[in-house]
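Participant: Pasting in a structure now, in structure tokens, and then I'll have a few things to ask.
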Amino acid sequence: MPALDKEQLIRYKRNILLNGVGKLGQQKLLNSKVLIVGAGGLGSPAAYYLAAAGIGRIGIVDADTVDLSNLQRQIIHNFRDLGKPKAVSAAEKLRVLNSDVQVDIYNKMLTKNNAEEIISSYQVVIDATDNFAARQLINEVCYRLKKPFIYGGVLAMQGQVMTIVPDQGPCFSCIFRKEPPENAPTTSTVGILGAVAGVIGSVQVSETVKILLQMGSPLVGRMFTIDLAEMLTDLIEVSRDNSCPVCGSI
């Protein structure tokens with residue numbers, strides 16, 4: 001790995017000072033590849049903090065365009081981006097923030113036909129989606145390719161995060177087997193405070209860095225939950241399900 005230059009030593013000084021990072025860890029981050037599926041409420045803070053941390057290659061998958069209603073929480077976009085593809089809008093901001101970062105744009109949906117090809121190019125996947133089917137697809141492909149992914153979910157004033165490392169703990173399908181009913185609450189029906197997405201997206205980034213640098217205790221087999229209305233947090237132990245259709249042994 002190439003040594004850090006003088007500008008990088010200044011830019012990443014606060015990273016380098018951290019136990020478990022140092023110069024070698026920062027070099028690893030600059031050589032790391034992370035995919036974000038979704039450039040909305042979770043993907044916005046996740047993308048910003050990954051780029052700021054010096055993740056060398058960031059892929060962004062999103063087929064949507066920027067809408068006025070997005071700007072309440074999707075902080076990587078602004079008024080001038082209305083109508084622009086979200087993946088393009090996000091990439092523009094990251095390139096301005098940090099020229100060390102290569103940004104790959106996937107202005108398309110993640111589907112069964114392209115998921116394996118896209119995900120195979122990255123080390124870690126951040127789930128910044130907002131629908132069950134996409135998460136199940138990410139889970140299945142990441143398990144097949146043995147790629148860690150960081151699940152995140154938000155609603156109203158609440159959020160949750162779980163890190164899924166194949167064969168080291170439960171997968172998404174171990175916990176969330178059935179698709180929610182059609183009348184289940186969504187951010188479109190009950191709302192969401194933008195800052196909640198900021199908190200969860202930031203936790204997803206910290207989990208990603210921990211996985212890349214093998215530091216700390218990632219949320220494998222544990223789900224972090226937070227209720228910002230009551231300022232309550234919890235760590236829920238979750239176990240692998242032997243009958244799981246994705247990772248089970250039965």
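Participant: Which of the helices (runs of 4 or more DSSP H) contained wholly in region 156-221 include at least 1 residues that are in contact with a Ser or Thr (Cβ under 6 Å, 6 or more places away or on another chain) and under 23 Å from Gln123 (Cβ atoms)? Break it down into steps so the answer makes sense when it comes.
Facilitator: On the way: elements: 172-175, 187-190, 194-213.
Those helices (runs of 4 or more DSSP H) span 194-213.
Participant: Moving on. Can you tell me which residue in region 222-250 is surrounded by the most Cβ atoms within 10 Å (Cβ to Cβ), limited to those that are among the β-branched types (Val, Ile, Thr) and part of a loop (DSSP other than H, G, I, E, B)? Before the answer, list the steps.
Facilitator: From region 222-250, those among the β-branched types (Val, Ile, Thr) are 225-226, 233, 236, 238, 246, 250; that's our starting set.
Filter once more, keeping what is part of a loop (DSSP other than H, G, I, E, B): 238, 246, 250.
Working: Val238: 16, Val246: 18, Ile250: 7.
Taking the candidates together, the pick is Val246.
Participant: Go through (1) within 20 Å of Gln204 (Cα to Cα); (2) within 18 Å of the chain's Cα centre (by Cα) for Lys108 and report which single condition fails.
Facilitator: Result: Lys108 passes all but (1).
Participant: Whether any residue in region 91-106 is touching a residue at least 40 places away in the same chain (Cβ under 8 Å) and of a type in the set (Phe, Trp, Tyr) is what I want to check. Give the steps one after another, and end with the answer.
Facilitator: Step one: of region 91-106, the residues touching a residue at least 40 places away in the same chain (Cβ under 8 Å) are 93-94, 97-98, 100-106.
Next, from what is left, pick out any that are of a type in the set (Phe, Trp, Tyr): 106.
Taking every residue of region 91-106 in turn, at least one turns out to be touching a residue at least 40 places away in the same chain (Cβ under 8 Å) and of a type in the set (Phe, Trp, Tyr).
Participant: Right, Gly40: under 26 Å from Ile192 (Cα atoms) and not in a helix (DSSP H, G or I) or not?
Facilitator: Values: under 26 Å from Ile192 (Cα atoms): yes; not in a helix (DSSP H, G or I): yes.
The answer is yes for Gly40.
Participant: Within region 124-148, how many residues are in contact with a Phe, Trp or Tyr (Cβ under 8 Å, 6 or more places away or on another chain) and either closer than 24 Å to Leu232 by Cα or surrounded by 23 or more Cβ atoms within 10 Å (Cβ to Cβ) (or both)? I'd like the intermediate steps shown before the answer.
Facilitator: The initial filter retains those residues of region 124-148 that are in contact with a Phe, Trp or Tyr (Cβ under 8 Å, 6 or more places away or on another chain), namely 124-127, 132, 135-136, 138-139, 142, 147.
So of that shortlist, the ones also either closer than 24 Å to Leu232 by Cα or surrounded by 23 or more Cβ atoms within 10 Å (Cβ to Cβ) (or both) come out as 124-127, 138-139, 142.
Residues flagged as in contact with a Phe, Trp or Tyr (Cβ under 8 Å, 6 or more places away or on another chain) and either closer than 24 Å to Leu232 by Cα or surrounded by 23 or more Cβ atoms within 10 Å (Cβ to Cβ) (or both) within region 124-148 amount to 7.
Participant: For region 8-30, indicate whether the set of residues that are within 23 Å of Asp127 (Cβ to Cβ) and in contact (Cβ under 8 Å) with a residue 24 or more places away in the chain is non-empty. Lay out the reasoning, then the answer.
Facilitator: Let us first name the residues in region 8-30 that are within 23 Å of Asp127 (Cβ to Cβ), namely 28-29.
Applying the additional criterion that residues be in contact (Cβ under 8 Å) with a residue 24 or more places away in the chain yields 28-29.
Yes, the conditions are met somewhere in region 8-30.
Only the coordinates and a few stated rules stand behind these numbers; no lab work does. Since the model is a prediction, treat every value here as computed from it, not as a measurement. Virtual Cβ from ideal backbone geometry, glycine too; neighbours counted across all protein chains shown.
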